[in-house]
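The values are calculated or read from the model by the stated rules, or taken from the named source; none is laboratory data. Not measured: the values here are computed from a predicted model. With ideal geometry, Cβ positions are generated from the backbone for all residues, glycine too; neighbour counts draw on all protein chains shown.
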Amino acid sequence: MGNENISREEGLYFRQTYFDQAKRVVIKVGSAVLTDEKGIDHSVLANIAKELSFLKKSGREVILVSSGAVAAGKRKIDLPETVSTGLDEKQALAAIGQPILMNSYEEAFAKYGQTVSQVLLTHSDLADRDRYLRVRSTILALFRYGVIPVINENDTVAVEELRFGDNDTLAAHISNLIEADMFLCLTDVVGLYTGNPQVDPDAKPIYTVPAVTDEIVAMAGNVQSALGTGGMQSKIKAAKMVAAGGGCSFIGPGKEKGILQQLFSGEMVGTFFLPAEDKISRRKQWIAHILKPTGTIILDKGACQAIRRGGHSLLPSGVIGVRGNFGIGDAVQCVDGSDKIIAVGLINYSMSDVEKIKQHKSHEIIQLLGVKDYDEIIHRDNLVLL
């Protein structure tokens, strides 16, 4: 279904239907919304507390994914903007600012009779399957207590290999983790346009996106914004991940008062993303979007076709090349002869063993390795099409 096929009336219907049905909502607020040149903008923070309290009192479970710790730390020690900060300094500023940020949220939500909790995560917390499930259980327990989780990346300890990259990605992971109905990304732009409205008088707002295509990703470049770490394309990517998990997404103006009440009343503001028609399981979402591949296997045309048709495992006969240094159970990318990524999955054999058995039949594995644990290099249950 192309974007041009969604009329304003159809878009309004989809919005109202999905907003009415939404019972579990993740709201992400970026630093471009939450902070100004002086640090945390407390008027915006107060409005966020009011808006989320409105959602919660309407019977919904809500999670807030919030940036702002580093900005709060800078303000606390009165660090000039001209002073350059490396990783050590940013982590120190996050350590200073995080309790200030949480205290501000606690005071703001208390005015509406709401209790908040702090959840700090690194990528490794979700990459480990047991910890991933433990995070889910903790969040669900907080819901049972009637508490609003406030989630942020643990910037004080997160080095490059432990980072999500930005809070848009973290919020999308959390949405899929708890099977949220809706992901609301509040930012400093009004939404997507067909062109750059500052220079193109014919540019029109895009209210409804049925699927995130290459065309939609390209449109993100039209957005003029003071966005923080993620930028608009990371928000589009996050919406695509949430759609694959069966949820809806919204990107719109976070500084506008009453924005969430407008949304849940069906007003046409911002850009709304519909869920994908084919939802993938939570486990496959974890494989596809959270695990970081440690290697690459190159497939022949026959294997690519078998995988694309779906329902097929990857056999050694379809592998023509190997890159990287991976072990049993690691995530690896599957690419075609042009190096285009077509899938990701959990590998059953180490890199050295795949080198030995590639382009051979499954019944030959025991002769080549002396043992055969699996017929497949990647079983279909552990393989996700991208």
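Quick notes on this one:
- When the residues of the range 35-71 are filtered to those that are among the charged types (D, E, K, R) and over 26 Å from T156 (Cα atoms), the one that is surrounded by the fewest Cβ atoms within 10 Å (Cβ to Cβ) is K57.
- Pick from the range 150-175, criterion modelled with pLDDT under 95 and of a type in the set (S, T, N, Q), ranking: farthest from the chain's Cα centre (by Cα): T156
- Within the range 207-218, restricting attention to residues that are part of a helix (DSSP H, G or I) and under 19 Å from the mean Cα position of the chain (by Cα), the residue that is modelled with the highest pLDDT is I216.
Residue-by-condition table, conditions (1) in contact with a His (Cβ under 7 Å, 6 or more places away or on another chain); (2) outside the structural domain of S265 (by TED's automatic domain parsing); (3) closer than 22 Å to S175 by Cα; (4) part of a strand (DSSP E or B):
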| site | (1), (2), (3), (4) |
| --- | --- |
| R15 | no, no, yes, no |
| D20 | no, no, yes, no |
| V25 | no, no, yes, yes |
| L45 | no, no, yes, no |
| E51 | no, no, yes, no |
| F54 | no, no, yes, no |
| V70 | no, no, no, no |
| T85 | no, no, no, no |
| I96 | no, no, no, no |
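- Members of the range 120-157 that are of a type in the set (D, E) and within 19 Å of R282 (Cβ to Cβ): D125, D128, D130
- For the range 262-275, the criterion of being in contact with a Pro (Cβ under 6 Å, 6 or more places away or on another chain) and surrounded by 21 or more Cβ atoms within 10 Å (Cβ to Cβ) is met by at least one residue.
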